[in-house]
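Notes to accompany the following structure.
We did not get these values from a lab; they are worked out from the coordinates using the rules stated. All values reported here derive from a predicted model rather than from experimental measurement. Note that each Cβ is placed from the backbone with ideal geometry, even for glycine, and that neighbours are counted across all protein chains shown.
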Amino acid sequence: MAFEKICTLDDVWEGEMERFHTTDGTGVLIVFPNGGEPIAFQDRCPHQQFDLATGKLENNVLTCRAHLWQFDATTGQGVNPADCRLAIYPTRVDGDDVFVDVAGIAPATSHT
Ligand code: FES
């Protein structure tokens, strides 16, 4: 597959996150960190696959609502615990449109 439009910059503002789906049904969490650019992450928590879009984004830290695992919203690296991370899909902004390419990237899982 290749890059496809997933949303626009009107759909996700700086400091927010929102879940979208690609045409093949892959869930993608678009996170727009403060001071950064939109990033596409897997939409499920690597812990027990809870919906990350229902979590909290604060000070560029994404917190899963289920058991409060935390991730750096600029890199996907686990903050607590640190030995996990979110998969990142290549993301491109062209004008107001946000494009992602999910081909060949599997969501990360971690210990339970
Ligand atoms: S499912 Fe996200 S912290 Fe457990």
Using a Gaussian network model of the chain with C-alpha springs under 10 Å, which one of A73, A82, A53 is most mobile by mean-square fluctuation?
A82
So between D10 and V61, what do we pick up on full extension, going 0.36 nm a residue minus the alpha carbon distance?
16.2 nm
Starting from the 7 Å offset along Cα-to-Cβ, what nm value, one decimal, do you get for the label separation of L68 and N34?
2.1
For the chain, treating each Cα as an identical point scatterer without solvent, what Debye log10 I(q)/I(0) comes out at q = 0.16, 0.23 1/Å?
-0.64, -1.31
